[in-house]
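Student: Have a look at the structure that comes next, please.
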Amino acid sequence: MTAVLEVDDLRKAFGGVVAVDRVSFTVEAGKLFAIIGPNGAGKSTCFNMVGGQLPPDAGRVRLGGEDITGLPPRRIWRLGVGRTFQVAATFTAMTVVENVQMAFISHRRRLRALIPAARRLYRDEAMAVLERVGVADQAERQCGLLAYGDIKRVELAIALAHEPRLLLMDEPTAGMAARERIDLMALTAEIVRERGISVLFTEHDMDVVFAHADTLLVLDRGRTVATGTPQEVRENPEVQRIYLGGAGVAAAQRAMEARA
């Protein structure tokens, strides 16, 4: 398989605390890669170094073989990296379709055409993406009036409008009800596989992780504990000891059985 993202020996310290300690992994084309671990494991720090929000102290990040280490988020986004956030970020006063139109306008470098033609630009493309994520019927509503689960779908549509080759998803189901979490991640997995997009995501819900991730990286106190398939990670004694526990192992098994 072709490597879309290669991370080698990333390290980040805050004062005397090493948050990420020589972490390496590879995300292949069209695959979903999850970073998991207990609170304080270094997941968000590692994630933000990949996305450009934090510069690493050491190590390298390559996108499609190109070194993007330390580049600012906007440069990384222009190279084909989309992102959704733990707390959904949309323009609440704008309609759903306008939010997605703005994403298309920005991606295709048409910002100078905003006035007076913005409402006419890429409307059909925006509606097609909204249809795909299941909220086309909400297109003319203001984002601020939507239920949170629908806002998460709009945020996914905005990310897809940038036509990413790699999608970073930080706690994509945070704040959602159990049924909404399952539905959103099933939809995401279906879309990214049909489009050949790679996904790097962090997530606390083990049902979501083990049902949809192709590969897992388990961190603890900034260090890699295990990397492998859901089955390999579930059976790893060290992972069971520090993270999954009895309830976690059972949840992982249920999710894998449902996936099969």
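Student: Which count do you get for residues in segment 158-185 that are of a type outside the set (Lys, Arg) and either in contact with a Pro (Cβ under 6 Å, 6 or more places away or on another chain) or over 18 Å from Lys43 (Cβ atoms) (or both)?
Tutor: Residues in segment 158-185 being of a type outside the set (Lys, Arg) and either in contact with a Pro (Cβ under 6 Å, 6 or more places away or on another chain) or over 18 Å from Lys43 (Cβ atoms) (or both): 14 in total.
Student: Take segment 1-18 and flag every residue that is more than 16 Å from Gly70 (Cα to Cα) and either buried (at least 22 other Cβ atoms within 10 Å of the Cβ) or without any contact (Cβ under 8 Å) to a residue 12 or more places away in the chain (or both).
Tutor: Matches in segment 1-18: Val4, Phe14, Gly15, Gly16, Val17.
Student: Is one or more of the residues making up segment 133-144 in contact with a helix residue (DSSP H, G or I) (Cβ under 7 Å, 6 or more places away or on another chain) and within 21 Å of Leu79 (Cβ to Cβ)?
Tutor: no
Student: Quick one: Gln253 ticks every box in (1) more than 27 Å from Val20 (Cα to Cα); (2) assigned to a helix (DSSP H, G or I); (3) at pLDDT 90 or above bar one, so which box is it?
Tutor: (3) is the only condition that Gln253 fails.
Conditions (1) touching an Asp or Glu at 6+ places or on another chain (Cβ under 9 Å); (2) assigned by TED's automatic domain parsing to the domain that holds His212; (3) among the charged types (D, E, K, R), marked per residue:
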| site | (1), (2), (3) |
| --- | --- |
| Gln138 | yes, no, no |
| Ile158 | no, no, no |
| Thr173 | yes, yes, no |
| Thr188 | no, yes, no |
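Yes/no matrix, rows are residues, columns are (1) out of contact with any strand residue (DSSP E or B) (no Cβ under 9 Å at 6 or more places or on another chain); (2) in a helix (DSSP H, G or I); (3) at pLDDT below 95:
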position: Gly59; (1), (2), (3): no, no, no
position: Arg62; (1), (2), (3): no, no, no
position: Leu71; (1), (2), (3): no, no, no
position: Ala93; (1), (2), (3): no, no, yes
position: Leu114; (1), (2), (3): yes, yes, yes
position: Ala117; (1), (2), (3): yes, yes, yes
position: Glu125; (1), (2), (3): yes, yes, no
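Student: Return the residues of segment 38-58 that are more than 16 Å from the chain's Cα centre (by Cα) and surrounded by fewer than 18 Cβ atoms within 10 Å (Cβ to Cβ); say none if nothing qualifies.
Tutor: Across segment 38-58, the qualifying residues are Pro38, Asn39, Gly40, Pro55, Asp57, Ala58.
The values are calculated or read from the model by the stated rules, or taken from the named source; none is laboratory data. None of the values given here were measured: they were computed from a predicted structure. Virtual Cβ from ideal backbone geometry, glycine too; neighbours counted across all protein chains shown.
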